[in-house]
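J.: Below: one structure in structure tokens.
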Amino acid sequence: MQHGGGGGGRPALTRSQLKTVALRHITLGSSNAMHSQAMMMMNASQDIALPDLFFRLVWNDVELYKSEVATKTLNPVWAPVELSDDSSAITKFLNDDSSGFDVVVYRLCNASSAFLPMVEHTVVEEIDEEDDEDDDDERDDRSEGSRANASDTMYYRVPVVHGHHMERPRTDDVDGDFFEDEIFRFNVQLDELEPLNCDFRELYYLPLNTLVLGFSSNQYYVRRDVMSMLVQNGMIMSRRARDTPTRQQRSPFDLATAATMLNTNIELQRQINQTHARLAKKRQEENALLQLQERVLALRNQAIQKQQAIDQVKSVLKVEKHMLSTDQKLARTLTQLSHLDAKETEMKSGILYRRMDILRVAHSIRALQATLVSQLYDIYPIAYLGAGEYSIGGIKFTNADIANGKDEELLSTALGYIAHFVFLLAKYLNVNLRYAIVHLSSRSYMRDDVNDPHGEYPLYRRGVDKERFEKAFLFLKKDVEQLLSARGLDPGQQGQLLMRLTSLVESEMEWLKNNS
């Protein structure tokens, strides 16, 4: 049997699904404060003590369930509500969802209590949802005014429909000093309930004395008149506006897809658990290995310390044994010491002579290198032509000739001269060049034995790749910088290549002049 007040898209409610009963904003005080205007203010009275509350579930004047006592609260929540089907009355109640039932709320009082009587139970006037669209402008004005005062006190126009009464408790329910005071009686019809679609604890401006029912679908419901009031005052979205896109949505998954995804998730979870187990086992093994390594290290340190102690004892014993025999060998020892002193003096003299010989040889080598560089300069003369231009062997060459359209044969010849000049300089000065030079006159080329052992970078432009030609010239400049650094000169990054070679030659000739 289907029940519900929200339309065709909402699942049916049954009494067996009832799990939670809650009240919001219970009001204590005199009912005379409301008789003139029948207004309800959403603020609890400040001059009363907090009551102890419980409720009874009544159907056809038969008590089916009695809750626990919620102490000292104006917002009680009773959960879970568990109805056993032991009695025939409860069985009939659970099987018949068509009729209503009563939720009767009591407070527990004693003779010395000074509580004011509870305000008479009120319900909101029911609003016809079909008239909402005709009264949009009027309701918007009303909602704006309501929301403007929502942070202070909210009033709702309600008629009084039920009072309260007191009754003496049964002796089997409470102690003799207490009695029960009935404060509310709510008649619940399942088809008159509306879903909140949120946790009722998130709504801070529910009307006073609002009954909230929670069902096993984790959804909370209130009476239709309360929902209409919340919609009217802008506290919650209209159900029709909320349900419309929901009805239009279609699930992109069918049952088979869902089952496949569930199996996939289960398999992934199993794999994750296995991975975690393997990782835990591996961590245990690593920890055990670390402990063993620490133990081995500690034992090694102990062995080293013991060996050092043994060596010290041996040294002491050896010294003492030697000291015992020194008395007899003292004279011979003194003689040996004198011989050792003489030999040491002789060795020091010999070392000094050898050092001087080495310096003389080094000076001769340095002079020979400078002489060879000077002679090489005579073979490949480098001349300054003015305006920052130089020539080698009578052929003018500048760095810019690599990129411009100079005669290719002259350019190749000049580069061949420079390559041979640098090659011989490195040989004379005993410098192992970073980029090897293969001298073949005007068809010389460079090699990068580290990055490209089998590649050739030509120092001529005809018939070769321009990029490899420019790279060959770059390698040649790097070799010149290496030669300058080997002689303690500033390699620099600017200036003509021939100018750098000239500075190197002039430095060698200057040294030869000052040390000849």
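The values are calculated or read from the model by the stated rules, or taken from the named source; none is laboratory data. It should be emphasised that the depicted structure is a prediction, and the values quoted were computed from it without experimental measurement. A quick note on method: Cβ atoms are made from the backbone with ideal geometry, for glycine too, and the neighbour counts reach across all protein chains shown.
J.: Looking at Arg461, Arg447 in this structure, which one is in contact with a Leu (Cβ under 8 Å, 6 or more places away or on another chain) and of a type in the set (Lys, Arg)? Spell out how you get there, then give the answer.
T.: Details: Arg447 fails: in contact with a Leu (Cβ under 8 Å, 6 or more places away or on another chain).
The match here is Arg461.
J.: Another one. Any idea which of (1) touching a residue at least 60 places away in the same chain (Cβ under 8 Å); (2) aliphatic (A, V, I, L, M); (3) in a loop (DSSP other than H, G, I, E, B) is the one Leu498 doesn't satisfy?
T.: Only one criterion in (1) touching a residue at least 60 places away in the same chain (Cβ under 8 Å); (2) aliphatic (A, V, I, L, M); (3) in a loop (DSSP other than H, G, I, E, B) is unmet by Leu498, namely (3).
J.: Does the stretch 319-330 include one or more residues that are in contact (Cβ under 8 Å) with a residue 12 or more places away in the chain and either surrounded by fewer than 10 Cβ atoms within 10 Å (Cβ to Cβ) or within 30 Å of Ser516 (Cα to Cα) (or both)? Spell out how you get there, then give the answer.
T.: Residues of the stretch 319-330 in contact (Cβ under 8 Å) with a residue 12 or more places away in the chain: none.
The answer is no; no qualifying residue exists.
J.: If you don't mind, another one. Restricting the search to the stretch 68-101, which residues are under 12 Å from Leu18 (Cβ atoms) and part of a loop (DSSP other than H, G, I, E, B)?
T.: Residues satisfying the conditions are Ala79, Pro80, Val81, Glu82, Leu83, Asp97.
J.: Could I ask something else about it? Return the only residue of Leu425, Leu415, Leu433, Leu483 being more than 25 Å from Trp511 (Cα to Cα), at pLDDT 90 or above and surrounded by 17 or more Cβ atoms within 10 Å (Cβ to Cβ).
T.: Details: Leu425 fails: more than 25 Å from Trp511 (Cα to Cα); Leu433 fails: more than 25 Å from Trp511 (Cα to Cα); Leu483 fails: more than 25 Å from Trp511 (Cα to Cα).
Every option except Leu415 fails the conditions.
J.: Can you name the strands (runs of 3 or more DSSP E) wholly within the stretch 391-478 that have at least 2 residues being aliphatic (A, V, I, L, M)?
T.: 436-438
J.: Has the stretch 400-411 got any residue that is surrounded by 15 or more Cβ atoms within 10 Å (Cβ to Cβ), farther than 30 Å from Asn515 by Cβ and not aliphatic (A, V, I, L, M)?
T.: Pass one, the stretch 400-411, residues surrounded by 15 or more Cβ atoms within 10 Å (Cβ to Cβ): 401-402, 406, 411.
Then keep just the ones that are farther than 30 Å from Asn515 by Cβ; that gives 401-402, 406, 411.
Keeping just the survivors that are not aliphatic (A, V, I, L, M) gives 401, 406.
Yes - at least one qualifying residue is present in the stretch 400-411.
J.: Looking at Val319 and the list (1) under 30 Å from Thr333 (Cα atoms); (2) aliphatic (A, V, I, L, M); (3) within 43 Å of the chain's Cα centre (by Cα), which single condition is not satisfied?
T.: (3)
J.: Pick from Lys396, Lys466, Lys477, Lys471: which is over 54 Å from the mean Cα position of the chain (by Cα) and on the phi < 0 side of the Ramachandran plot?
T.: Numbers: Lys466 fails: over 54 Å from the mean Cα position of the chain (by Cα); Lys477 fails: over 54 Å from the mean Cα position of the chain (by Cα); Lys471 fails: over 54 Å from the mean Cα position of the chain (by Cα).
Among Lys396, Lys466, Lys477, Lys471, only Lys396 is over 54 Å from the mean Cα position of the chain (by Cα) and on the phi < 0 side of the Ramachandran plot.
J.: Report whether or not Leu498 is out of contact with any Lys or Arg (no Cβ under 8 Å at 6 or more places or on another chain) and either at pLDDT below 90 or surrounded by 16 or more Cβ atoms within 10 Å (Cβ to Cβ) (or both).
T.: Values: out of contact with any Lys or Arg (no Cβ under 8 Å at 6 or more places or on another chain): yes; either at pLDDT below 90 or surrounded by 16 or more Cβ atoms within 10 Å (Cβ to Cβ) (or both): yes.
Answer is yes for this residue.
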